[in-house]
Amino acid sequence: MVILVTGGAGYIGSHTCVELLNQGYEIIVIDNFSNSKKESLKRVTDITGKLFKVYNTDILNKDQLNLVFLENKIDSVIHFAGLKAVGESVSIPLRYYYNNVIGTLNLCEVMNKHNVKNLVFSSSATVYGNPKEVPILESSLLGATNPYGRTKQMIEEILKDLYNSDHSWSISLLRYFNPIGAHESGLIGEDPNGIPNNLLPYISQVAVGKLDKLKVFGNDFPTKDGTGVRDYIHVVDLARGHLKALENVSNSTGINAYNLGTGTGYSVLEMIKEFEKASGRNIPYSIVEPRPGDVDKCFANPSKAREDLGWIATKTIEEMCEDTWRWQINNPNGYIENNKIIFTTSDSRLSAETAGFVMSKAE
Ligand code: NAD
Ligand code: UD1
């Protein structure tokens, strides 16, 4: 089975590539490296010992996407490529709508043309906006509260319309809760640009000494200790959820949304304690005003994924923190751009810069 992975060089994509290769799938990665480095894909090869094709291609370029489908016999697509920073999406909404929505339209059009109709899409718990009640069910009301979230909600609607127009499509909408952690090898992990927005990357940069102290956004929420509660999920569990969804879309038609979370919420203060335990470092923090738009509690009811896909999250909060720490301590500055990574050109109809490449093992 040949799986096209868009955005495969990114945080969740690279972990999913490892799981796919380990399960014997053949993969083809498309990425424009706008928020990732080629080094992550080299490390996927280091972990798995397997080579795969990589296209340095933008999904906004429909002609190039078409060539990727002409060159390869693709069975299914896992679609991670997208911009994901909430704050940035408020400042530059058009770029977010353009990249995420138009990119997905292009992909679906080209898939349709080549009769590839199995799709696993990266949605987000952000589509629920301010949840009325927790744990959140897939049937809960949707109401994204920022442009990033609205791109995800719109894409979900577009994909539902697509399925309604043609019942031979098979689509899984995976609504991730809060992915954290890293591969246990410490070779791949989350590599945010600049100062992190999300809690765990921020805590781990405090622990490693890159940042002075954590600002805890509010301690007066109606939660167990007043700080925000979230459903943190290990990125490897999340990656494995994609394989389960892939099996499901390959064996059926339809469109289904699934919550991928653990079902358990942890507060900010609990996460600080867990991370201190995992790292053996002190995490200084101060309480500041709540971040505008933050919800008090957000955690999943993940039973639909268990029942339909046979998937559950298995990794503990300790493993999530230990693996995050191993990645952080081994790679204090994230992936370093490695100019020695040379891709060997395959016989491609694409231009030299964007051609289909095979990762060269020797590099
Ligand atoms: P990431 O930024 O690490 O990975 C996304 C990848 O897509 C990057 O490698 C980037 O270079 C690539 N990309 C972006 N636009 C592209 C384009 N036009 N053409 C080709 N490649 C493009 O993000 P991630 O954390 O791995 O997230 C993957 C997906 O999951 C995203 O769609 C994101 O919105 C969604 N998601 C992430 C989280 C999270 O907390 N990380 C939560 C919910 C949903
Ligand atoms: C954020 C995004 C959401 C996305 C999710 C997973 C926002 C407003 N929302 O949500 O769309 O789906 O990440 O990627 O950005 N916190 C601190 N100090 C910090 C950072 C965070 O106290 O420096 C707190 C937050 O208030 C929250 C918790 O930690 O209670 C988790 O924050 P974060 O990691 O940003 O995730 P979400 O708020 O769930």
In the stretch 146-188, anything open to solvent by 10 Å² or more (accessible area, probe 1.4 Å), touching a strand residue (DSSP E or B) at 6+ places or on another chain (Cβ under 9 Å) and in a helix (DSSP H, G or I) is listed as TYR148, LYS152, GLN153, LYS160, LEU162, TYR163, ASN164
Scanning the stretch 284-300 for residues that are away from ligand 1 (no atom under 16 Å from the Cβ) and in contact with a Ser or Thr (Cβ under 9 Å, 6 or more places away or on another chain), the one farthest from ASN259 (Cα to Cα) turns out to be ILE287
Of all residues in the stretch 102-119, which are part of a helix (DSSP H, G or I) and away from ligand 1 (no atom under 11 Å from the Cβ)? LEU105, CYS108, GLU109, VAL110, MET111, ASN112, LYS113
Within 21 Å of the chain's Cα centre (by Cα) and more than 16 Å from ligand 2 (Cβ to nearest atom), is that true of GLU39? yes
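Kindly indicate whether PRO192 is closer than 27 Å to TYR128 by Cβ, crowded, with 21+ Cβ neighbours inside 10 Å and within 16 Å of ligand 1 (Cβ to nearest atom). Give the steps one after another, and end with the answer.
Details: closer than 27 Å to TYR128 by Cβ: yes; crowded, with 21+ Cβ neighbours inside 10 Å: no; within 16 Å of ligand 1 (Cβ to nearest atom): yes.
In short, no.
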Can you name every residue in the stretch 234-263 that is within 14 Å of ligand 2 (Cβ to nearest atom) and in a loop (DSSP other than H, G, I, E, B)? GLY261, THR262
Looking at VAL235, VAL229, which is the one that is β-branched (Val, Ile, Thr), closer than 27 Å to GLY218 by Cα, crowded, with 17+ Cβ neighbours inside 10 Å and touching a Lys or Arg at 6+ places or on another chain (Cβ under 8 Å)? VAL229
Taking the stretch 271-294 only, how many residues are under 24 Å from THR126 (Cβ atoms), in contact with a helix residue (DSSP H, G or I) (Cβ under 9 Å, 6 or more places away or on another chain) and open to solvent by less than 60 Å² (accessible area, probe 1.4 Å)? 4
Could you tell me whether any residue of the stretch 208-218 is in contact with a helix residue (DSSP H, G or I) (Cβ under 8 Å, 6 or more places away or on another chain) and farther than 16 Å from SER286 by Cα? yes
Out of all the residues in the stretch 69-100, which are open to solvent by less than 40 Å² (accessible area, probe 1.4 Å) and either of a type in the set (Phe, Trp, Tyr) or within 11 Å of ligand 1 (Cβ to nearest atom) (or both)? PHE69, ILE78, HIS79, PHE80, ALA81, GLY82, LEU83, ALA85, SER89, TYR96, ASN99, ASN100
Can you spot a residue in the stretch 120-134 that is more than 14 Å from ligand 1 (Cβ to nearest atom), touching a Cys at 6+ places or on another chain (Cβ under 8 Å) and not in a helix (DSSP H, G or I)? yes
Taking first residues from the stretch 62-79 that are within 18 Å of ASN118 (Cα to Cα) and second residues anywhere that are among the polar types (S, T, N, Q) and crowded, with 23+ Cβ neighbours inside 10 Å, the pairs with Cβ under 6 Å that are 6 or more apart or on different chains are SER76/ASN118; HIS79/THR6
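The values are calculated or read from the model by the stated rules, or taken from the named source; none is laboratory data. All values derive from a computational prediction rather than experimental measurement. Glycine also receives a Cβ, built like all others from the backbone with ideal geometry; neighbour counts cover every protein chain displayed. The protein model used for the area step is the full one, side chains on, heavy atoms only, and it has no ligands, DNA or RNA in it. Shrake-Rupley method; radii C 1.70, N 1.55, O 1.52, S 1.80 Å.
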